[in-house]
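No lab work stands behind these numbers, since they all come straight from the coordinates. Here the structure is a predicted model, which means the values were calculated and not measured. Here the Cβ positions follow ideal geometry from the backbone for every residue, glycine too, while neighbour counts run over all protein chains shown.
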Amino acid sequence: MDILLVEPSYYTRYPPLGLMKLASYHRSYGDNVKLVRGINRELDYDPDHIKITSLFTYAWKPVHEAIEFYHKSFPDSEITIGGIYASMMPDRIKSYYPFVDVHVGLHEEAERYMPAYDILEDVDKWRDWDGSILFTSRGCIRNCPYCIVPKIEGKIRSVITDLTDFIYPGHKRVILWDNNFLASPYWKIILESLHETGLKIDFNQGLDVRLIDEEKANILADLKIPIIRMAYDHAGEKNAVYNAVTLLEDCGMRKRNMLFYTLFNFYDSNHSYFDTPETFLNIVKDTVEIGCVSYPMRYEPLDSLKKNRFISPYWTREQVEAIADARRVIGYGGAFPPYDGLIGKFKDAKSFDDAFKLRSIKLDRERDGQPAPSSESKSGICQS
């Protein structure tokens, strides 16, 4: 069979891992595969089956555009839609396109295959990609109300214990997408294997600070981790955050290389937990005062069809937008690093509104010897 794999033209920093695994899976059965991104009007290919992936629910429009274009171009081809949007809203897709098959959840058979990184050479956006992306585990031991993982992946389970066949020759880094890496029963084996690669390591989804102890900190410190990512989502994690930072620093890791994803604007009427501007400010203060980086992550409802529209009852639109403005103007790379000027600004603030009122701190930054804020800083959105 001839299989066409389609990544819709939504914004993403990473290549389509699911489609790359499907490519390897289909090749194992002797099928031909081709990857395209977005609408390709010059495609010289006649597929028997078209497989289209999807990202977050608010990125649905490019998915629908891809369905319509490729169905019109190849009316006799079967079409299957998978990914996050498909798994969260299969009935919505079927209501628009009853002729498509919707795959909900993971493709368990394709999970065990090395992604076909060579198909990225067909797409300009991904041609120079140099990182091996891995899930060594799926699922999570937590059940956070703002997270999509339990709905799609379920409870924690190991999917890779031997990294040998999952790191692509010539790649310079390993990017782990495990949703709670340290909760995996094989965390130690994997960390030791990562050390043996000698490559740069990125725990992209963040590590669970509640699971970091002295043994884990020691092994993590031996890895080449330019930035160690963790999460500080609510005040109840404060002691665990302080403990993790202390352990990692004692093992030789620099606090300025520790980045904390900090959730804001969360509210769910079915759960008792929510945040407020003041609780968010306290978390940012904690993070920068201990010498680490705060990376704000705006909450987006799991079924949101429009990005950046949701406002919690405990926030105002002006307050939510003030964070985006502050990240762009006084932050760096979309984050709040522990610059003296920023620490002083947050520490001296009498309220959230006072802390995020924009005023020039150029002199503070020049005094600290820090670079000017990037004009290309982008806001982060947390849907999972």
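For the range 103-185, which GluC sites (Glu not before Pro) pass both filters: DSSP loop (anything but H, G, I, E, B) and at most 12 other C-beta atoms within 10 Å?
Glu108, Glu109
What is the helix-to-structure angle for 17-27, meaning the angle in degrees between its Cα long axis and the longest Cα principal axis of the chain, kept from 0 to 90 and rounded to the nearest 10?
So the helix axis and the longest Cα principal axis differ by about 30 degrees.
Hey, what's the Cα Rg ratio for the range 166-317 versus the globular rule of thumb, 2.2 N^0.38 Å?
Against the compact-globule rule of thumb, the ratio is 1.14.
If exposed means no more than 13 neighbouring beta carbons inside 10 Å and the site is in a DSSP loop, what's the longest run of the chain without any exposed trypsin sites (Lys or Arg not before Pro)?
By the stated rule (loop sites, at most 13 other Cβ atoms within 10 Å), 42-126.
Would you list, by chain and number, the aspartates and glutamates whose Cα falls below 16 Å from the Cα of Lys238, excluding same-chain residues fewer than 8 positions away?
Leaving aside aspartates and glutamates fewer than 8 places away in the same chain, those within reach of Lys238 are Asp208, Asp213, Asp275, Glu278, Asp286, Glu289.
Among the listed pairs Lys172/Lys347; Lys155/Lys200; Lys172/Lys216; Lys125/Lys224; Lys125/Lys345, which have their C-alpha atoms separated by more than 31 angstrom in this model? Mind dumping the intermediate values first?
Numbers: Lys172/Lys347 40 Å; Lys155/Lys200 28 Å; Lys172/Lys216 24 Å; Lys125/Lys224 27 Å; Lys125/Lys345 39 Å.
In this structure, Lys172/Lys347; Lys125/Lys345 lie more than 31 Å apart at Cα.
Expressed as an acute angle from 0 to 90° and rounded to the nearest 10, what is the orientation of the C-alpha long axis of helix 317-329 relative to the principal long axis of the chain?
On a 0 to 90 degree scale, this one is about 90.
Would you please give the FRET efficiency between Lys350 and Glu215, computed as 1/(1 + (r/R0)^6) with r the Cβ-Cβ distance and R0 = 41 Å, to the nearest 0.05?
0.45
Take Leu305, project a point 7 Å from its Cα along the Cβ direction, then tell me which residues of the range 142-156 have their backbone nitrogen under 11 Å from it.
Label zone hits: none.
Scan around Thr136 for amide H atoms under 5 Å from its own, H built in the peptide plane at 1.01 Å from N, and keep only partners 5 or more places away or cross-chain.
HN-HN under 5 Å from Thr136: Trp177, Asp178.
Considering the zone a paramagnetic label at Thr161 would reach in this model (a point 7 Å from Cα along the Cα-to-Cβ line), which residues of the range 168-204 have amide N under 12 Å from it?
Flagged as within label range: 185-190.
Pull out the extension gain between Lys172 and Glu192, defined as 0.36 nm times the separation in residues minus the alpha carbon to alpha carbon distance; nm, one decimal.
Gain on extension, Lys172 to Glu192, equals 5.4 nm.
What's the angle, to the nearest 10 degrees (0 to 90), between helix 238-250's Cα axis and the longest principal axis of the chain?
On a 0 to 90 degree scale, this one is about 90.
Cβ under 10 Å from Val6's Cβ, Val6 left aside: what net charge do those residues give with Lys, Arg +1 and Asp, Glu -1?
Values: positive: Lys34, Arg37, Lys51; negative: Glu7.
After counting each charged neighbour, the total is +2.
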